[in-house]
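All remarks here apply to the structure that follows.
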Amino acid sequence: MESSRTAFFALIIGIDKYECPDIPDLCGAVADAGDMDNYLRQNLAVPSSPIMNPLNERATRHHITACILSFAADERIQPGDPILIFDMEHKHPRPKSGESVARTVWFR
């Protein structure tokens, strides 16, 4: 008997600690990523194998790009299968009272 269950794939990114000293460290992004991972596994019964979760120093641009590209090469993924990309990191810190909201580019 074939299962009618749809395959589910996820990339869960969480970054609290940044290598660049100009980027303020966060607290909570890795915990939020862990909460999403737990929700998928415990509440939705998603097996661990289709979930990738680079955290902190493993969440480099190179590694995240490789994870995304691996979806294209994964023969388990069929047209219509859901892929969740959950990115918990702050792109720009909240300005302190009276500071400008000017954008800063941190990628080098």
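No lab work stands behind these numbers, since they all come straight from the coordinates. All values derive from a computational prediction rather than experimental measurement.
Extension gain, Asp81 to Glu19, is 18.9 nm, computed as 0.36 nm per intervening residue step minus the present C-alpha separation.
The amide H of Leu84, built 1.01 Å from its N in the peptide plane, has Phe9, Ala10, Leu11 as neighbours under 5 Å, considering only residues 5 or more places off or on other chains. Proximity of backbone amide H atoms, modeled 1.01 Å from N, is registered between Asn53 and Ile12 at under 5 Å, excluding neighbours fewer than 5 places apart on the same chain. Normalised by 2.2 N^0.38 Å, with N the number of residues, the alpha-carbon radius of gyration of the range 9-88 equals 1.16.
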